[in-house]
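Report on the following structure.
The values are calculated or read from the model by the stated rules, or taken from the named source; none is laboratory data. Because the structure is a prediction, the values reported are computed rather than measured. Cβ sites come from the backbone with ideal geometry, for glycine too, and all protein chains shown count toward neighbours.
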2 protein chains.
Amino acid sequence: MPTYAADLEAVRAAAARLAGAVRRTPVMTSRTVDELAGRSVYLKCENLQTTGSFKYRGATNAVRKLDDATAARGVVTHSSGNHAQALALAAKVRRIPAYVVMPKNAPAVKRAAVEGYGGRVTLCEPTLEARETAAAELVARTGGVLIPPFDHPDIIAGQGTAALELLDEVPDLDAVVAPVGGGGLLSGCCIAARGLNPAVRVFGAEPAGADDAARSKAAGERLPAGPPDTIADGLLTGLGELTWPVVRDRVERIVTVTDDQIRAAMRLVWERVKLVVEPSGAVSLAAVLSDEFRSLADIRTVGVVLSGGNVNLDKLYW
Amino acid sequence: MPTYAADLEAVRAAAARLAGAVRRTPVMTSRTVDELAGRSVYLKCENLQTTGSFKYRGATNAVRKLDDATAARGVVTHSSGNHAQALALAAKVRRIPAYVVMPKNAPAVKRAAVEGYGGRVTLCEPTLEARETAAAELVARTGGVLIPPFDHPDIIAGQGTAALELLDEVPDLDAVVAPVGGGGLLSGCCIAARGLNPAVRVFGAEPAGADDAARSKAAGERLPAGPPDTIADGLLTGLGELTWPVVRDRVERIVTVTDDQIRAAMRLVWERVKLVVEPSGAVSLAAVLSDEFRSLADIRTVGVVLSGGNVNLDKLYW
């Protein structure tokens, strides 16, 4: 068996490291969701995680693992999304600085969220090159450690703790479904779930308008993300070098869903489960409600990671 | 000590009756809420209860207590809100009919919700008199039992189980705050909380635009509800004959809040706690965030009942 960036032991070590620092989020059920899915669905509510997404798991794991001398110089990332908020708070809790590079056209509300958690924001031009250059400059200037959003063993292991908790609470799951952008959550959950029980089937859920993981699986090689076109703004990036091998070898299938399916699943969660999920956070449920997934045999029970709940409430999504 | 419609033993008996039939809802915390409240706040999430509100507790308790012969004839109520949905489902679970009288101007979505749970809806003119007449006719015709929304010992005891769970999970609460409309939830929670620990201080939270409980407390006698003017459409009714004595004797104070305060608390819960609460469901938190409540001494920890989450998602509330 090939070696991946993280294994079950790494996820277990992360879980021990996160105890008391990260929420054990509830697992919820809904008879309406079960009826629509045609099977028993267990919703792992990472939208209820601190900072509003699962990202706080990986960020806290990475920050806690740093030795004191390294940590004191701070952490650096470039992100305008949930990872930036998560890293900012994880750093604040350890009383170290977090330097966050954000594109100058990022919404004011996202910048405010990062700053609200104590992150120090550097603005740059809205290109990947400018972001990477600015982050490298910050690393050079501060001596801080770059903590990327997904393609890092400690991030992958940290995100996997969500599946560890899910299977601890519902041990007889036949399948687990997680959304896939860069693949940190999906690969971590896959390692954890199949490490605990090799018979568990693991699926990725991806927006049709950002379907590089599905295309990569079909091609058998990691393909870059195309220009994205989806409401699920947390799932736009392509797979990483470390996450791809897990997705390639250990994930059964990537199910893609349209924005209309995402919106319908999101509304279902708001309306019937009474939880605020963001579009990216509802993609996994949208996949489970799709004809493609409903037609799969031998799945009686499925765990679904609702990955985040950070939305702009001034907006109507339907 | 005077005798009330229910006591701690009745609430405990209700809890035993509801085990496995009603959700033990999670208790959630938020550091943002704690900062704004100036103390530790424990949110009892009855918006996550089956049918989207605490009403399912009382309705299920009342329905389960019926003997088989009586139950077989069905249950009757007049309500257009959360009690109607709760009673419809409680009856469906027992496989007995639920007859629900609704005003003909009730929103289509509410009628659909009741019918979705199997309730048989009878429409009437939108006056209290017409509703009561229609309900009485249904009782006469079907032999069914009238299950009122709040002023009934089994309803009061059932709603009190929310506080029983809350104190079981957070035993060292200094105070409990519940919203008050008819007073079923507030009186039940008061009986349970102060029955378990007489030192617990219990507060009611009421919209300023439907403040009969506050006025009744001030006057020392039960005053009728005036014409209501509030966004909190679940709290429009006045106190009942059975709920009033508990509120009069055992509740420390009724804190009133404006619709702007309710909206702000509601948005805070959606945005930071990631839960969908309805306006009535956020009134208790609005009270805890008010200057009046914040200025109270010797309350380090407070339990807050978020009572429901049934909103129309086509609407923007801010």
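Can you go through A:Val277, A:Val257 and tell me which one is in the same structural domain as A:Val180 (by TED's automatic domain parsing), at pLDDT 95 or above and farther than 29 Å from A:Pro198 by Cβ?
Residue meeting the stated conditions: A:Val277.
Out of B:Ala21, B:Ala86, I need the residue that is part of a helix (DSSP H, G or I) and either out of contact with any Gly (no Cβ under 9 Å at 6 or more places or on another chain) or aliphatic (A, V, I, L, M) (or both). Which one?
Just one listed residue meets the conditions, B:Ala86.
Where the second residue is assigned to a helix (DSSP H, G or I) and the first is of a type in the set (Ser, Thr, Tyr) and lies in the range B:1-16, which pairs have Cβ atoms under 6 Å and are six or more apart or on separate chains?
B:Tyr4/B:Pro245; B:Tyr4/B:Val246
Which pairs have Cβ atoms under 9 Å, sit 6 or more apart or on different chains, and link a residue in the range B:70-99 that is closer than 14 Å to B:Pro148 by Cβ to one that is among the acidic types (Asp, Glu)?
Note: pairs meeting the criteria are B:His78/B:Glu132; B:Gly81/B:Asp233; B:Asn82/B:Glu278.
Do you know which residues across the range B:39-55 are in a strand (DSSP E or B), more than 26 Å from B:Glu132 (Cβ to Cβ) and not hydrophobic (A, V, I, L, M, F, W, C)?
Within the range B:39-55, B:Ser40, B:Tyr42, B:Lys44 qualify.
Sort out which residues of the range A:203-224 are in a loop (DSSP other than H, G, I, E, B) and of a type in the set (A, V, I, L, M, F, W, C), and write them in order of number.
A:Leu223
With respect to A:Pro126, is the statement that it is surrounded by fewer than 24 Cβ atoms within 10 Å (Cβ to Cβ), modelled with pLDDT under 95, out of contact with any Ser or Thr (no Cβ under 8 Å at 6 or more places or on another chain) and assigned by TED's automatic domain parsing to the domain that holds A:Arg17 true?
The answer is no for A:Pro126.
If you scan the range A:104-151, which residues turn out to be closer than 24 Å to B:Arg272 by Cα, among the aliphatic types (A, V, I, L, M) and without any contact (Cβ under 8 Å) to a residue 40 or more places away in the chain?
A:Ala106, A:Ala108, A:Ala112, A:Val114, A:Val121
Every residue, every condition in (1) touching a helix residue (DSSP H, G or I) at 6+ places or on another chain (Cβ under 8 Å); (2) farther than 22 Å from A:Ala232 by Cβ, yes or no:
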{"site": "A:Gly58", "(1), (2)": "yes, no"}
{"site": "A:Lys65", "(1), (2)": "yes, yes"}
{"site": "A:Ala69", "(1), (2)": "no, yes"}
{"site": "A:Gly81", "(1), (2)": "yes, no"}
{"site": "A:Val139", "(1), (2)": "no, yes"}
{"site": "A:Pro148", "(1), (2)": "yes, no"}
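Going through A:Ala214, A:Ala225 one at a time, which residue ends up being at pLDDT 95 or above and either out of contact with any Pro (no Cβ under 6 Å at 6 or more places or on another chain) or away from chain B (no Cβ under 14 Å) (or both)?
Matching residue, one of A:Ala214, A:Ala225: A:Ala214.
Of the residues A:Glu221, A:Glu206, A:Glu252, which is farther than 19 Å from A:Val304 by Cβ and acidic (Asp, Glu)?
A:Glu221
If you go through the range A:84-100, how many residues are surrounded by fewer than 24 Cβ atoms within 10 Å (Cβ to Cβ) and not basic (Lys, Arg)?
Qualifying residue count, the range A:84-100: 3.
Considering only residues of the range B:16-38 that are among the charged types (D, E, K, R) and within 16 Å of B:Leu166 (Cβ to Cβ), which is farthest from the other protein chains (Cβ to nearest Cβ)?
B:Arg24
What are the residues in the range A:173-192 that are part of a strand (DSSP E or B) and under 10 Å from the mean Cα position of the chain (by Cα), if any?
Selection gives A:Ala178, A:Pro179.
Here is a list of conditions, (1) under 23 Å from B:Val176 (Cα atoms); (2) buried (at least 16 other Cβ atoms within 10 Å of the Cβ); (3) in contact (Cβ under 8 Å) with a residue 60 or more places away in the chain, and B:Thr50 meets all of them except one; can you say which number that is?
(3)
Return the total of residues in the range B:1-54 being among the hydroxyl-bearing types (Ser, Thr, Tyr) and under 20 Å from the mean Cα position of the chain (by Cα).
6
What number goes with the only condition from (1) touching a residue at least 60 places away in the same chain (Cβ under 8 Å); (2) crowded, with 24+ Cβ neighbours inside 10 Å that B:Ala21 does not pass?
(2)
So which helices (runs of 4 or more DSSP H) stay within the range B:235-318 end to end and still have 1 or more residues that are within 14 Å of chain A (Cβ to nearest Cβ) and buried (at least 22 other Cβ atoms within 10 Å of the Cβ)?
Output list reads B:259-268, B:279-288.
Are any residues in the range B:5-17 under 16 Å from B:His152 (Cα atoms) and surrounded by 20 or more Cβ atoms within 10 Å (Cβ to Cβ), and if so, which ones?
Hits for the range B:5-17 are B:Ala5, B:Ala6, B:Ala10, B:Val11, B:Ala14.
Going through the range A:56-83 one residue at a time, which ones are crowded, with 24+ Cβ neighbours inside 10 Å, more than 14 Å from every other protein chain (Cβ to nearest Cβ) and part of a helix (DSSP H, G or I)?
A:Arg57, A:Gly58, A:Ala59, A:Thr60, A:Asn61, A:Ala62, A:Val63, A:His83 - these are the residues of the range A:56-83 that are crowded, with 24+ Cβ neighbours inside 10 Å, more than 14 Å from every other protein chain (Cβ to nearest Cβ) and part of a helix (DSSP H, G or I).
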